1. Go through the range 100-121 residue by residue and tally those that are among the small types (G, A, S) and within 9 Å of the ligand (Cβ to nearest atom).
2. Could you grab me the full set of residues in the range 196-211 that are charged (D, E, K, R) and either exposed (fewer than 14 other Cβ atoms within 10 Å of the Cβ) or more than 15 Å from the chain's Cα centre (by Cα) (or both)?
3. Which members of the range 19-64 meet the condition of being within 23 Å of P122 (Cβ to Cβ) and not small (G, A, S)?
4. Can you tell me which residue within the range 47-81, out of those that are in a loop (DSSP other than H, G, I, E, B), in contact (Cβ under 8 Å) with a residue 24 or more places away in the chain and not small (G, A, S), is farthest from the ligand (Cβ to nearest atom)?
5. Answer yes or no as to whether A160 is out of contact with any strand residue (DSSP E or B) (no Cβ under 7 Å at 6 or more places or on another chain) and crowded, with 16+ Cβ neighbours inside 10 Å.
6. May I ask you to list the residues in the range 128-161 that are part of a helix (DSSP H, G or I), of a type in the set (V, I, T) and in contact with a helix residue (DSSP H, G or I) (Cβ under 9 Å, 6 or more places away or on another chain)?
Amino acid sequence: MIADEDFAGFERRGWADDDTVAAYARDFARASEMAVPSLVAECAVEPGMAALDLCCGHGIVARGLAKAGAIVTGVDFSPSMLRIARTAVPEVRFVEGDAMALPLEDACFDAVTMGFGMPHVPDPPAALAEARRVLRPGGRLAYSVWQEVEQSALTYVFAAITAHGALGIALPPGPGATDYADPARAFAAMRAAGFDDLRLVQVNSRWRIEDPATPFDFFKDGTVRGGALLRPQPERNKAAIRAAVAAAVTANHGAEGPWDVPLPSVVISGRAM
Ligand SMILES: C[S@@+](CC[C@H](N)C(=O)[O-])C[C@H]1O[C@@H](n2cnc3c(N)ncnc32)[C@H](O)[C@@H]1O
């Protein structure tokens, strides 16, 4: 049961589920993919560099790094994600491992990326410290994370859950979904982990959708936290949440589709001191 599980176990079990992984890769990641060019650019990747992609999932950031000419290693703890990644991006070496305890030597990478991994690790500062450990001095780390803003699919879905969800679904305590998008918190954590030359870049990530209720489906089927809150809801509550999401999309983005629903994100980066 969710309430008896710690956050690390909750995440590991969630991302081991083939259906969640397939839905994330097929649907949800259409927005995640939009952060890849900024992640690659903020790491100043050049041909021949050694790059590490943490929480690599099905390999979209690793592919971007490889296309820029880097020699890439991807790390994720989900065998299900790694199966897709190995087929999709055969030129990358994918390793099963935990971002907070990397099975890698000190100072062996010129660049480290982490696409939308920060809210999934139980201790984000520990993951930043691991990234710093495996970077050579002068190398750059860049991570992407969703932003908390009024006009976002994230806000529409979680507001609808608060308004119409059945009570009593308690998730194990972990980092907030958007905590490390806040520059005050992010830059303090980056400095503490040994990074300087800190930067924040805005990404206009979004979903183009034909049905205004689609963000409900993408969060329910393709995320661990959203799935845990949405899948067990009684049918009546699910229908009310779905309708509220559709209403928020049409109220904020027009009555007629298709809709470009924002799911904005930021890329935060720094240089290893
Ligand atoms: C939201 S997905 C992001 C995947 C990919 N980076 C992207 O941008 O689409 C989060 C990924 O982090 C992985 N993950 C979560 N916690 C992890 C940990 N402690 N160590 C390694 N991977 C982890 C999950 O298995 C999942 O693949």
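1. Adding up the residues that qualify gives 3.
2. D196, D197, R199, R208, E210, D211 - these are the residues of the range 196-211 that are charged (D, E, K, R) and either exposed (fewer than 14 other Cβ atoms within 10 Å of the Cβ) or more than 15 Å from the chain's Cα centre (by Cα) (or both).
3. Once the filter is applied, which keeps residues that are within 23 Å of P122 (Cβ to Cβ) and not small (G, A, S), the range 19-64 yields T20, V21, Y24, F28, L39, L52, D53, L54, C55, C56, H58, V61.
4. Taking the candidates together, the pick is M49.
5. Yes.
6. Of everything in the range 128-161, those that are part of a helix (DSSP H, G or I), of a type in the set (V, I, T) and in contact with a helix residue (DSSP H, G or I) (Cβ under 9 Å, 6 or more places away or on another chain) turn out to be T155, V157, I161.
Since every read-out is calculated from the coordinates, none of them should be taken as a lab result. Because the structure is predicted, anything quoted here is derived from the model rather than measured. Quick reminder, even Gly has a Cβ in these numbers, built from the backbone with ideal geometry, and neighbours come from all protein chains shown.
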